[in-house]
Amino acid sequence: MDRIRIVGGAKLHGTIPVSGAKNAALPLMIASLLTPETLTLENVPRLSDVRMLKRILGNHGVDITVAGKRLGDREDDGETVKLTAGSIVDTVAPYELVSQMRASFWVVAPLLARMGEAKVSLPGGCAIGTRPVDLLLMALEKLGAEIEIEGGYVLARAPKGLKGGEIDFAKVTVGGTHTALMAAVLAHGTSIIRNAAREPEVGDLARCLVKMGAKISGIDTSVLEVTGVGSLKGAHHRVLPDRIEAGTYAFATAMAGGDVTLTDVQPHLLQSALDRLSDAGATVTTTENSIRVSRNGNGLAAVNIETEAFPGFPTDLQAQFMALMTKAQGTSRITETIFENRFMHVSELARFGAKIRLDGDTAIVEGMPVLKGAPVMATDLRASVSLVIAALAAEGETMINRVYHLDRGFEQLESKLQRCGAEVERIRG
């Protein structure tokens with residue numbers, strides 16, 4: 001099993017291009033099931049989750065090709081992936097595939113909308129909480145689906161097609177909003193989705209669906225109106241930049257010190273996190289498509305955060321910000337409101353000498369002047385990269401084990417950091 005070795009202490013200087021967003025690419029790929037024509041996606045990140053979803057979609061009959069490099073393509077651009085679901089050969093998503101990636105459960109919506117039926121394994125638990133699918137199934141039922149759960153599978157049927165309906169989510173749910181959108185675009189009549197997630201990745205899916213012929217209004221708001229159409233066509237769409245990756249490298253620069261410019265980004269999608277980073281003492285300047293972060297000599301200040309749905313502070317940056325606060329001057333309070341059990345990185349950060357105690361859904365972090373490198377173990381995707389951030393500023397060597405979690409969400413992590421002067425290497429095995 002691969003490990004990553006980091007020797008801390010080097011300041012970061014240079015430029016890091018930000019990859020396409022995994023959280024946008026996955027639902028966009030799943031949307032290819034809605035049309036028999038080709039959906040071409042640019043800037044798809046090269047990640048293990050993307051590779052797994054290609055396998056899952058191939059199981060349903062989607063023909064997938066990856067275009068080669070063309071003249072003028074940038075070295076750090078993601079893949080151009082062409083997905084053609086000319087005919088759906090199987091409406092079953094088996095446990096052995098769905099259990100490996102939770103987002104794959106979302107295939108239930110396009111399969112049901114296009115084929116009138118779907119049998120999809122329940123995804124089961126998750127390292128960062130149960131994340132139940134009840135809101136997703138409620139959305140399908142509001143659109144006329146008949147839902148049964150049998151033997152660990154969701155059996156969804158709509159033999160005469162889905163019908164427009166009103167969906168009121170009791171709480172904001174990204175997965176539920178993705179599901180409702182993909183089901184409603186082919187339903188008969190008009191659907192209203194209230195308390196919809198406003199995350200940029202939801203808007204990216206909606207804009208792609210519009211390119212495919214869907215009729216959606218209210219994009220980027222909490223109320224979406226969808227008028228169903230008889231069929232969707234192919235389209236060409238570029239995956240938006242990964243705001244979580246951008247925030248991660250911004251925090252890493254503030255932690256290690258130095259001066260790094262992040263390119264191919266949309267800073268306004270990350271404003272809450274950038275504001276807190278400025279509060280902590282880093283200098284942050286932005287253009288339309290870049291973020292420059294620097295910290296040279298000044299210490300870090302303790303800052304309190306509370307995770308919220310967009311446009312609030314993202315839960316997917318909570319672990320990274322906690323790592324940053326372990327060296328801040330003073331005490332910070334980090335409150336997690338989105339997922340339960342998302343503090344598993346606390347015990348691993350403590351191995352660096354960090355002082356953190358938990359009080360319910362809040363972590364209280366007492367900043368320390370020095371962290372020491374240590375052997376640590378990744379527990380989930382975002383927790384694993386928080387260990388990278390701590391290691392960059394720790395004295396001595398850190399060995400991060402179980403880095404397959406990192407490969408799920410960060411493209412070329414080692415090379416991007418190496419190019420900015422970090423002493424980072426992957427040890428195969």
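Observations on the model:
- Annotation note: of Ala383, Ala394, Ala422, Ala390, the sole residue that is under 20 Å from Phe321 (Cβ atoms) and modelled with pLDDT under 95 is Ala383.
- Taking the conditions (1) of a type outside the set (Phe, Trp, Tyr); (2) in contact (Cβ under 8 Å) with a residue 60 or more places away in the chain; (3) over 26 Å from Pro45 (Cα atoms) in turn, Val376 satisfies each one other than (2).
- Breaking point among (1) under 23 Å from the mean Cα position of the chain (by Cα); (2) small (Gly, Ala, Ser); (3) closer than 30 Å to Pro36 by Cα, for Ala254: (3)
- Of the numbered criteria (1) in a loop (DSSP other than H, G, I, E, B); (2) within 19 Å of Val18 (Cα to Cα), the one Val424 fails is (1).
- Close pairs (6 angstrom Cβ cut-off, 6 or more residues apart or separate chains): at pLDDT 95 or above in region 176-197, of a type in the set (Asp, Glu) and surrounded by fewer than 24 Cβ atoms within 10 Å (Cβ to Cβ) anywhere: Ile192/Glu166; Ile192/Glu225; Arg194/Asp168
- Only one entry of Val370, Val388, Val365 meets the criterion of being of a type in the set (Val, Ile, Thr), closer than 20 Å to Ala254 by Cβ and assigned to a loop (DSSP other than H, G, I, E, B), and that entry is Val370.
- Taken over region 166-184, the criterion of being farther than 17 Å from Asp204 by Cα and touching a Gly at 6+ places or on another chain (Cβ under 7 Å) is satisfied by Phe169 alone.
- Residue among Val226, Val265, Val284 that is outside any loop (DSSP other than H, G, I, E, B) and in the same structural domain as Phe410 (by TED's automatic domain parsing): Val284
- Within region 274-285, residues that are closer than 10 Å to Ala254 by Cβ reach partners that are in a strand (DSSP E or B) with beta carbons closer than 6 Å, at six or more positions or on different chains, in the pairs Leu277/Val284; Ser278/Val284; Ala280/Ala301; Gly281/Ala301; Ala282/Val293; Ala282/Arg295; Thr283/Ser294; Val284/Val293.
- Restricting Phe352, Phe321 to residues that are buried (at least 22 other Cβ atoms within 10 Å of the Cβ), within 17 Å of Leu387 (Cα to Cα) and over 25 Å from the mean Cα position of the chain (by Cα) narrows the list to Phe352.
- Region 302-349, residues that are among the small types (Gly, Ala, Ser), touching a residue at least 60 places away in the same chain (Cβ under 8 Å) and more than 22 Å from Ala374 (Cα to Cα): Ala302, Ala309
- Answer from Leu53, Leu33, Leu47, Leu28 - the residue that is within 30 Å of Asp259 (Cα to Cα) and either in the same structural domain as Met101 (by TED's automatic domain parsing) or touching a Lys or Arg at 6+ places or on another chain (Cβ under 9 Å) (or both): Leu47
The values are calculated or read from the model by the stated rules, or taken from the named source; none is laboratory data. Just so it is clear, the model here is predicted, and its values are computed rather than measured. Cβ atoms come from the backbone with ideal geometry, glycine included; neighbour counts cover every protein chain shown.
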